[in-house]
Amino acid sequence: MSATVVIGAQWGDEGKGKLVDVLASHADLVVRFQGGSNAGHTLVVNGKKTVLHLIPSGILHTDKTCVIAAGVVIDIFGLTDEIKKLKEAGFHITSEQLLISDNATALLPYHKVLDKAREAALSDGKIGTTGKGIGPAYEDRAARRALMMADLFDSKTLMAKLEFVLKEKNALFQGLYDLPSISAKEIYDQVQTVIEELRPYRTADVSLLVSTKIKQGKRVVFEGAQGTLLDVYHGTYPFVTSSSTIAASGAISAGVGPQNLSKIVGVFKAYCTRVGSGPFPSELHDEIGQKIQKDGHEFGSTTGRARRCGWLDLVALRYAIRLNGINSLAMMKLDVLTGHEQIGICTGYKVNGEIVSEFPTSTELVTKAEPIYEYLPGWTEDLTKIKAVKDLPRNVLKYIEFVAQQAGCPIDVVSVGPDRDQTLWIKPLFKD
Ligand code: IMP
């Protein structure tokens, strides 16, 4: 009786969506537990690409249930659009397939306006947010003025809460950001254009559902968004997202006891990327970084921004293993590293002249960290058509072994391309 959590062990974009999609074929329930449409989970099935932002990555398996839990901030227009696009692609999303918690936070247009206005007003110290309103929506939740999903289905509550919340927002828009005010009626009318489409997916008690499934011995997969180093408590604050991205957050969001989460899968790329501002010790500012960016198509699936690229950072990976309790690693995009004479791996940092092996607790120190590299020989072979681990070139196997040994955690799966069948299991997570 336990659930599997899939989380990002770097700065996001590790390929969690692909892994969740693959695992979902063996699961009963997939639970998305934090973030919002700042996430972009790209799935490729039989060469066909689907990008999801809010809907759990299990949705392409029509016999599985996907749940959006309380810790997610839901852009209702974005969600409606995602459902529409899936329907157009032939996936008829039924109310058995998708369930949305009444307790999730509604992300409304004024959150996006505030997110963008704040970023635009910053000269130095921009976070480089996705502009999707994530920070302002979580802020409202913590300040107890958020509209929950349940509020949207009740016209009286909706209007009253909008009037209350917009009083303060409009003071900010007009007084601080020189922006026009937004009326409660305007938002109310916009909500009415989509709310009936979402009603069938409404569900009151996610905690009861998920707990019952776990008790019944069903397979439940928790799907994280963003990555460990963007965690609001443990990441490189303030260059982080506004939710807790680590595994324990799954239990809080779904409303189940933490002991239920026993298999914690840390997803990481065979190299590192970061999008947005903030420290990135192993970032490469040279042609090697550019090659990784080009070969890995490292451009954001939500914003299209170019991702910063660098060698794998083991200091950061070990930190992620500790914070999440990761007991299984998934190495993604290994194929992208083909064609380098040697592969760098950051095994430590030099900070203020001292060699450190643990991730510094202050962002200021992470900014000062100079990477210490070990180099392993590279390879020239195309890995994308390889079907079994044993067929991987020797230098690739050496790289995998080195990383697992240095990380102190087994690598159970490697990915050599975006499609489902480009997934090589060293040790299957599920037996059937
Ligand atoms: P926000 O989550 O839009 O507030 O953005 C805060 C920071 O997190 C920025 O640096 C974003 O680029 C980053 N971020 C947010 N979502 C993702 C994601 O899904 N992948 C990678 N970075 C992300």
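All of the numbers you see were taken from the coordinates with simple rules; none came from a lab. Here the structure is a predicted model, which means the values were calculated and not measured. Please note: Cβ atoms are built from the backbone with ideal geometry, for glycine as well, and neighbour counts cover all protein chains shown.
Residue order for 11, 425, 311, 379, fewest other beta carbons within 10 angstrom first, comes to 425, 379, 311, 11. Overall form of region 105-199: prolate. Here a/c, set by the Cα gyration tensor axes a ≥ b ≥ c, is 1.5 or more, and a/b is the larger of a/b and b/c.
I'd like to verify something in the chain: which complete DSSP H helices, judged by Cα projection on the helix axis, reach 27 Å or more and average at least -1.0 on the Kyte-Doolittle scale?
Helices meeting the criterion: 155-175.
Remark: spin-label model distance residue 45-residue 248 equals 3.5 nm, labels positioned 7 Å along the Cα→Cβ axis.
Residue order for 430, 222, 91, fewest other beta carbons within 10 angstrom first, comes to 430, 91, 222. If r is the Cβ-Cβ distance from residue 92 to residue 192 and R0 is 25 Å, what FRET efficiency results, to the nearest 0.05? After rounding, the FRET efficiency stands at 0.55. By other beta-carbon atoms within 10 Å, ranking 349, 373, 319 with the fewest at the front produces 373, 319, 349.
Per the Debye calculation on the chain with a single equal scatterer at every Cα and no solvent contribution, log₁₀ I(q)/I(0) for q = 0.09, 0.10, 0.13 Å⁻¹ amounts to -0.55, -0.68, -1.14. Comparing Cα centroids, region 129-194 and region 358-432 end up 43 angstrom apart. Available extension along the chain between residue 384 and residue 123 is 89.7 nm, counting 0.36 nm per residue and deducting the alpha carbon span.
Summary value for the chain: 20 percent relative contact order, contacts being C-alpha pairs under 8 angstrom separated by 6+ residues.
Residues within the reach of a label modelled at residue 204 (point 7 angstrom out along Cα to beta-carbon, backbone nitrogen below 16 Å), restricted to region 136-150, are 149-150. Straight-line cross-link reach from residue 116 at under 19 Å between alpha-carbon atoms covers these aspartates and glutamates, not counting any fewer than eight positions away in the same chain: 75, 124, 139, 140, 168, 178. Working from label points 7 Å from Cα in the Cα-to-Cβ sense, the residue 420 to residue 406 distance is 3.4 nm.
Mean-square fluctuations from a GNM of the chain, with a 10 angstrom spring cutoff on Cα atoms, peak among 180, 238, 258 at 180.
Here the calculated FRET efficiency for residue 285 and residue 159, from their Cβ-Cβ distance with R0 = 51 Å, stands at 0.45, rounded to the nearest 0.05.
With an a/c value of 1.5 or above and a/b not larger than b/c for the gyration tensor axes a ≥ b ≥ c computed over the alpha-carbon atoms, region 131-173 is described as oblate. Of 265, 221, 351, the residue with the greatest mean-square motion in the GNM of the chain, using alpha carbon springs below 10 Å, is 351. When the C-alpha to C-alpha distance is required to be over 30 Å, the pairs from 263/350; 16/167; 18/85 that qualify are 263/350; 16/167. Peptides 130-140, 19-29, 399-409, ordered by how many other C-beta atoms sit within 10 Å of their residues on average, highest first, read 130-140, 19-29, 399-409.
Between region 11-27 and region 197-244, the C-alpha centres lie 14 angstrom from each other. Each Lys or Arg adds one and each Asp or Glu takes one away; over the other residues whose Cβ falls under 9 Å from the Cβ of residue 332, this sums to +3.
Note on residue 354 and residue 322: with the Förster distance fixed at 25 Å, the Cβ-Cβ geometry gives a FRET efficiency of about 0.80. Comparing 78, 304, 58 in a Gaussian network model of the chain, where Cα atoms under 10 Å apart are tied by springs, the biggest mean-square fluctuation is seen for 304. Positive-end ranking of 342, 43, 373 along the dipole of the chain, with charges on Cβ about the Cα centre, is headed by 43. For the chain, what is the calculated [θ] at 222 nm in deg cm²/dmol (nearest 500), taking -39500 (n - 2.57) for each run of four or more DSSP H residues and dividing by its residue count? Helix contribution divided over all residues of the chain: -9500 deg cm²/dmol.
Taking Lys and Arg as +1 and Asp and Glu as -1, the other residues whose beta-carbon sits under 11 Å from that of residue 280 total +1.
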